[in-house]
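Here the structure is laid out as structure tokens; the discussion comes afterwards.
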Amino acid sequence: MIAADIITIFRHQRPDCDALGAQFGLKYWLQENFPDKTVLALGLEQGIQGDFPASDTADDDIIRHSTAVILDTAGQDMVDDARFAQAAFRIKIDHHPDHEPYGDLRCVDEKAAAVCEILAHLFASLEPEYNVSLRTAECLYRGLLTDTLCFRTANTTASTLAAASWLASKGIHIPELNRELFDQTLHEFSFSGFIRRSVVIRESSACVILNRQDLLDWHMTGSEARNFIDELGHVREFQTWAIFTQHEDPEDDRYDGSLRSKHIAVNEIARQYGGGGHRNAAGVKNLSRTDVDEIIDKMISEVSVCDQ
Ligand SMILES: [Mn+2]
């Protein structure tokens, strides 16, 4: 039996909604069902929480006497707050490929679309002895929705939808959660229009190249602008699409790019320029303008090879 009077919950750096939703969902569930325990949701990175509360803090001594749960984090060096390693007992719960097993106990389900899916099934199996509150359900639903891009990705399974269905039965406010997570500001809406107006289409490839002045005009960083890649992602005629953004530093004329495809392996193209990623979604950094043009040419020619 593990002593777990103190439970510390960790997430990965630059946390997404699955990491935060799992972290706070687990925290609330533990607090509500085990009121005598001290439960802390940790993370040194602040100000990235969106609609989640601020993280708790803990000194080294508390962490050393705690059982640590590390969520949504494949590798140890990605954990926000390396002190997790000092905890008396460590439990890894994740859905990424377990290339780097760590911790004293591992619960890794690569078929799960989100860690929030794993937790939803766990909590459902422990009913009715242990309760699940509305706020816990809302946290987990946020993670499910974002890691599956609203149940649209290939990792959305019957199990994912069963978890969502069970969470919905707790009375979550589905339209409000959708709005909270996905509604744009008016500025973002206008920028989406600019992205669409700037697209250059060659054969079945769509591409947007934004220079430094475009980013300045729109008060966007390169990575914020490239996050609009999905604006190009739902056109039947497009087989590949990409956004390139020039570096903001006026001394540095290089570009970063986000590449997408329906079928061809854009990560193979990205790899030739020092980038990488998944088959249909890859990224590449520090490109000359010539590199950018070459990459666009390669995306077009790969598609035509595939078509033959
Ligand atoms: Mn995740």
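The values are calculated or read from the model by the stated rules, or taken from the named source; none is laboratory data. Owing to the predicted nature of the structure, the values given are computational and were not obtained by experimental measurement. Because the Cβ atoms are built from the backbone with ideal geometry, glycine has one as well, and the counts that use them run over all protein chains shown.
In summary, residue 37 fulfils each of the numbered conditions (1) under 19 Å from residue 115 (Cβ atoms); (2) more than 18 Å from the chain's Cα centre (by Cα) with the single exception of condition (1). If you filter region 1-32 down to residues that are among the acidic types (Asp, Glu) and within 16 Å of the ligand (Cβ to nearest atom), you find that the one that is surrounded by the fewest Cβ atoms within 10 Å (Cβ to Cβ) is 16. When region 92-122 is limited to residues that are among the basic types (Lys, Arg) and surrounded by 14 or more Cβ atoms within 10 Å (Cβ to Cβ), the one that is nearest to the ligand (Cβ to nearest atom) turns out to be 92.
If I filter region 161-204 down to residues being over 20 Å from the mean Cα position of the chain (by Cα) and of a type in the set (Phe, Trp, Tyr), which single residue comes out as surrounded by the most Cβ atoms within 10 Å (Cβ to Cβ)? In this case the residue turns out to be 191. Restricting attention to region 69-91, the residues that are away from the ligand (no atom under 16 Å from the Cβ) and among the aliphatic types (A, V, I, L, M) add up to 5.
Checked against the criterion of being in the same structural domain as residue 122 (by TED's automatic domain parsing), hydrophobic (A, V, I, L, M, F, W, C), more than 24 Å from residue 123 (Cβ to Cβ) and assigned to a helix (DSSP H, G or I), region 17-40 has no qualifying residue.
When we screen 66, 125, 133 for residues that are away from the ligand (no atom under 16 Å from the Cβ) and surrounded by 23 or more Cβ atoms within 10 Å (Cβ to Cβ), the only hit is 66.
Rundown of residues vs (1) basic (Lys, Arg); (2) in contact with a Ser or Thr (Cβ under 6 Å, 6 or more places away or on another chain); (3) in contact (Cβ under 8 Å) with a residue 40 or more places away in the chain, yes/no style:
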{"position": "60", "(1), (2), (3)": "no, no, no"}
{"position": "65", "(1), (2), (3)": "no, no, yes"}
{"position": "81", "(1), (2), (3)": "no, no, yes"}
{"position": "87", "(1), (2), (3)": "no, yes, yes"}
{"position": "97", "(1), (2), (3)": "no, no, no"}
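Restricted to region 141-170, and to residues there that are part of a loop (DSSP other than H, G, I, E, B) and more than 18 Å from residue 110 (Cα to Cα), the residue that is farthest from the ligand (Cβ to nearest atom) is 169.
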